[in-house]
Structures are given as C-alpha cells and as structure tokens.
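A.B. asks: Can you read through this structure? Questions will come right after.
The values are calculated or read from the model by the stated rules, or taken from the named source; none is laboratory data. For clarity, every value in this text was computed on a predicted model and none was experimentally measured. No Cβ is skipped: glycine too gets one built from the backbone with ideal geometry, and neighbour counts run over all protein chains shown.
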Amino acid sequence: MQRMTLALRYCHVTVTDHEAALGFYRDALGLEVRNDVSSGGHRWVTLGIPDQPGTDIVLSDPYGGRSEADGDTIAELVTKGVFGMVVFRTDDLDKVFEAAEASGAEVMQEPTEQPWGPRDCAFRDPAGNMVRIEQTTPAEQA
C-alpha cells in the first residue's frame, strides 16, 4: 500500500479583538500576515511563520460562520481561557519569551524545564487563549 502524505494546513484561533491579537501574533511572535478578509461584519486574518509557507493560523471572531448562541458560548470560553491552545517551537526560547512578555501578554509560566522533556513557557494571548512555546532540542535543530 502506498503511503499517503498529510500536513497541517490551517489552525483556527478564536480572538475577540483582531488588532490586539495582531500585536501579539504578528508583532511579538513575528508571524507574517498572509491574508486579511472581512465579510458580513466578520474578519479572518491569516498569519504564518515566514519559512513555513504551507501552514497558517487563522484569527477569527467567535461569531464568524456561527449562530449567535454558539458565538456567545465560544466567546465566553475564550475569555475564560479554556477554549483552545496553540503550541509553537523555537530555537531561542528566552528571546521569544522576552518579546512576548514585552508585548504585555499575560505570562502564565516563565521558561521552565518540564519533567516530560521540553523547556517551555506559556502566555495568554489578548483574547485569553493559552499559547505555549517550547525550545527545540539540539537534535531537532540539526
């Protein structure tokens, strides 16, 4: 049997304020804006890592493409910080931590060696989503 290929294309992150989210994801973390679309009173901003052209993060509001009731529920969960999480990897955790902290993002965990392996840190983005950033290992950097 021939092996199929599979790759992540989009990851959606629900935000409550696109401009505040851009201040974190674009300005602090260094993602590039690839697309910015408004339709029907909603907005979708697609961002990506400069050297990874095939994988994007889409910032969207809780109500885009959803019922009012579903949007209300999602907005409440996002604000509580329990809706979703994004995990990034970097070769310089301290540099990324400093940039994210300087952006005003809420620090949930300073860089720490985890018992399960990685050294990582955690923030809440301006909407309340958990964002973890882990240090790549020397083997992953090679």
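A.B. asks: Suppose we filter L29, L22, L59 for residues that are over 16 Å from M130 (Cβ atoms), at pLDDT 95 or above and surrounded by 12 or more Cβ atoms within 10 Å (Cβ to Cβ); which single one remains?
C.D. replies: L22
A.B. asks: Out of region 24-47, which residues are farther than 21 Å from A102 by Cα and among the small types (G, A, S)?
C.D. replies: Scanning region 24-47 gives S38, S39, G40, G41.
A.B. asks: I need the full set of residues from region 66-98 which are crowded, with 16+ Cβ neighbours inside 10 Å and of a type in the set (G, A, S), in order please.
C.D. replies: G71, A75, G81, G84
A.B. asks: Same structure, new question: Restricting the search to region 33-56, which residues are farther than 20 Å from G23 by Cα and at pLDDT 95 or above?
C.D. replies: If the condition is that a residue be farther than 20 Å from G23 by Cα and at pLDDT 95 or above, then no residue fits.
A.B. asks: Considering only region 23-142, give the helices (runs of 4 or more DSSP H) lying wholly within it that have at least 1 residues that are within 22 Å of Y10 (Cβ to Cβ) and out of contact with any strand residue (DSSP E or B) (no Cβ under 8 Å at 6 or more places or on another chain).
C.D. replies: 68-80
A.B. asks: Go through region 1-13 and count every residue that is hydroxyl-bearing (S, T, Y) and at pLDDT 95 or above.
C.D. replies: Going through region 1-13 one residue at a time, the tally reaches 0.
A.B. asks: Let me ask another. In region 12-22, what residues are closer than 17 Å to G84 by Cα and not in a strand (DSSP E or B)?
C.D. replies: V15, T16, D17, H18, A21
A.B. asks: In addition: In this structure, does G40 turn out to be under 15 Å from the mean Cα position of the chain (by Cα) and at positive phi?
C.D. replies: Considered against the rule, which asks whether it is under 15 Å from the mean Cα position of the chain (by Cα) and at positive phi, G40 comes out as no.
A.B. asks: Now for a different question. When the residues of region 47-56 are filtered to those that are without any contact (Cβ under 8 Å) to a residue 12 or more places away in the chain and not polar (S, T, N, Q), which remaining residue is surrounded by the fewest Cβ atoms within 10 Å (Cβ to Cβ)?
C.D. replies: Restricting to residues being without any contact (Cβ under 8 Å) to a residue 12 or more places away in the chain and not polar (S, T, N, Q), the top hit is D51.
A.B. asks: Is it the case that some residue within region 71-89 is touching a helix residue (DSSP H, G or I) at 6+ places or on another chain (Cβ under 7 Å) and at pLDDT below 95?
C.D. replies: yes
A.B. asks: Do you know which residues across region 99-142 are of a type in the set (G, A, S) and exposed (fewer than 14 other Cβ atoms within 10 Å of the Cβ)?
C.D. replies: A102, G104, G117, A139, A142
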